[in-house]
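Let me begin by presenting the structure, written as structure tokens, before commenting on it.
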Amino acid sequence: MNKKIGLVIQGPLMSIGRAGNRLHDTPEQLAKDGGIVHFDCRENIQRIVDDFGHLFDEIVVSTWDNEVKEGDGWKGVKLVSAPDPGGLKQVGHYKDNNKFRQFLSTLNGLKELEKSGIDYAIKTRTDTYLDIKKLVDSFLADVESNTNSRAIYATAIQPSTFLLHDLYFASTTKAMIEFCEAILAYDRFEFISSVHREMVLKHAYSEYREVIGVPDYAYFPFYPPVGVSADTRKIFDYMFTHVFFSIDPDVFWSTLWRGAHYEKDHVSSLLEHKQGGRKYNIPALISTDWERYFHFRQETKGEVVTLLDKIVIKTGKWGWEAWNLFRAAVNKLRKGL
């Protein structure tokens, strides 16, 4: 293969948060015993370059201006930075949500690869260390025979919970640029708060809407794992069949996040492919986040939210609450049997 391959290492140079082995601890537990890690990524980046640099025609570290200190840099690596756009505030969480930061810094790095004529791109994070050789081998073994030139290979895909994991990606440089631009489109409007579902929904809406052929409101579900319409399910089914593909699971098992391996239960739960999943669908009226959908139309098309729209919003919320109360009652009954 004569294709050029590049690596984008994106993220902060000082990464603050929980480590892989503390993923499920509550903010209270983390605060109580000092579980928040201040992980200096500079040595980690050097380790990645030392161990895997020979695999790539170009390596880019993409970060923020306020992260870079005098003397920062790695031999054979292009360092790019941009103004920090900030994260999304999260109620009851110990830190901001960085999902748009992630895709913006990835896009900045990809544009550098594009300038150099790099055909394939691998994206990973400044605060993770993993078997990148195995990741590259897994990707290259499949991508040449994939009939979709825009295919994106990801950490893990779990159709039964409508989940796409985002630690690392691999694809053609062009496809990954399109992917990042889709997530950042519409002035970074959130389709759903979960990044693991928004990556699928927003990419589908931006790039595959005509092919999938479902109403626009289907791209704005409340939370698919606990209830989804047939049209929203069709979006995920299409994307997980034709667009997103999994990397060798051994790569995930090898991953260190902020210096620690993920808990075994966490990795196995994400790599587990449950047969069948939830086969039932619920009406779009109660599974759609109508308020978010009408707000999107207002923001992007200037449409006024009408009285009828407000009635639909209220009805949908009541229906969603009733559905979840019903689910809770059924689960309680099953446990009692």
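The values are calculated or read from the model by the stated rules, or taken from the named source; none is laboratory data. In this text the structure is predicted, and so the values were computed from the model without any measurement. For neighbour counting, all protein chains shown are included, and Cβ atoms are generated from backbone atoms with ideal geometry for every residue, glycine included. Calculation scope for accessible area: heavy atoms of the full protein, side chains included, ligands and nucleic acids excluded. Shrake-Rupley method; radii C 1.70, N 1.55, O 1.52, S 1.80 Å.
Using only C-alpha atoms and all pairs of different ones, pull out the Kirkwood radius for the chain in Å with one decimal.
Working: mean 1/r = 0.0468 Å⁻¹.
So the Kirkwood estimate lands at 21.4 Å.
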Based on the Cβ-Cβ distance from Ala82 to Arg334, what FRET efficiency comes out when R0 is 51 Å, to the nearest 0.05? 0.50
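Applying 1/(1 + (r/R0)^6) with R0 = 22 Å to the Cβ-Cβ distance of Leu325 and Asn281, what FRET efficiency is obtained, to the nearest 0.05?
On the way: r = 19 Å, r/R0 = 0.86.
Given R0 = 22 Å and the Cβ-Cβ separation, E is 0.70.
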What is the distance, in nm, between label points placed 7 Å from the Cα along the Cα-to-Cβ direction at Ser149 and at Ile311? 5.0 nm
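Whenever you get a sec, compute what percent of the accessible area on segment 212-335 sits on carbon and sulfur atoms (1.4 Å probe).
Numbers: 4000 of 6970 Å².
Carbon and sulfur: 57 percent of the exposed surface of segment 212-335.
Let me make sure I get this right: for segment 255-337, a, b and c are the square roots of the gyration tensor eigenvalues over alpha carbons, sorted descending. Under 1.5 in a/c it's rounded, otherwise prolate if a/b > b/c, else oblate. Which is it? Provide the component values of the computation, followed by the final result.
Numbers: a/c = 3.02, a/b = 1.47, b/c = 2.05.
Taking the square roots of the gyration eigenvalues as a ≥ b ≥ c, segment 255-337 is oblate.
Below 10 angstrom from the Cβ of Leu55, what's the summed charge of the other residues (Lys, Arg +1; Asp, Glu -1)?
Details: positive: Lys133; negative: Asp51, Asp57, Asp137.
Result for the local shell: -2.
If the limit is 32 Å between Cα atoms, which of Lys3/Lys301; Lys134/Lys174; Lys75/Lys99; Lys123/Lys317; Lys202/Lys317 go over it?
Working: Lys3/Lys301 41 Å; Lys134/Lys174 22 Å; Lys75/Lys99 29 Å; Lys123/Lys317 38 Å; Lys202/Lys317 22 Å.
The pairs that break the limit, which is 32 Å between Cα atoms, are Lys3/Lys301; Lys123/Lys317.
For segment 242-337, state which GluC sites (Glu not before Pro) are in a DSSP loop and have at most 16 other beta carbons lying within 10 Å of their beta carbon. Spell out each step's value before the answer.
Values: sites: Glu263, Glu272, Glu291, Glu299, Glu303, Glu321; in loops: Glu263, Glu272, Glu303.
Here the GluC sites (Glu not before Pro) that fit, given the DSSP loop and packing criteria, are Glu263, Glu272, Glu303.
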Can you tally the net charge around Trp64? Count Lys and Arg as +1, Asp and Glu as -1, for every other residue whose Cβ sits under 9 Å from the Cβ of Trp64. -2
Can you give me the distance in nm between label points at Ala141 and Asp237, each placed 7 Å from the Cα along the Cα-to-Cβ direction? 3.0 nm
Looking at the square roots a ≥ b ≥ c of the eigenvalues of the Cα gyration tensor of segment 159-214, which shape do they give, rounded for a/c under 1.5, prolate if a/b is larger than b/c, or oblate? rounded
By its C-alpha gyration tensor, with a ≥ b ≥ c as the square roots of the eigenvalues, how is segment 144-246 shaped: rounded for a/c under 1.5, else prolate for a/b larger than b/c, else oblate? rounded
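Helix by helix, which DSSP H runs in the chain go 30 Å or more along their axis at the Cα atoms and have an average Kyte-Doolittle hydropathy of -1.0 or more? Can you show the working numbers first?
Numbers: long enough: 307-336 (44 Å, -0.21).
Length and hydropathy pass: 307-336.
Enter the accessible area per residue of the chain (Å², integer; probe 1.4 Å; all protein chains in place). Don't skip to the answer; put the middle values down first.
Working: 16240 Å² over 337 residues.
I get 48 Å² per residue for the chain.
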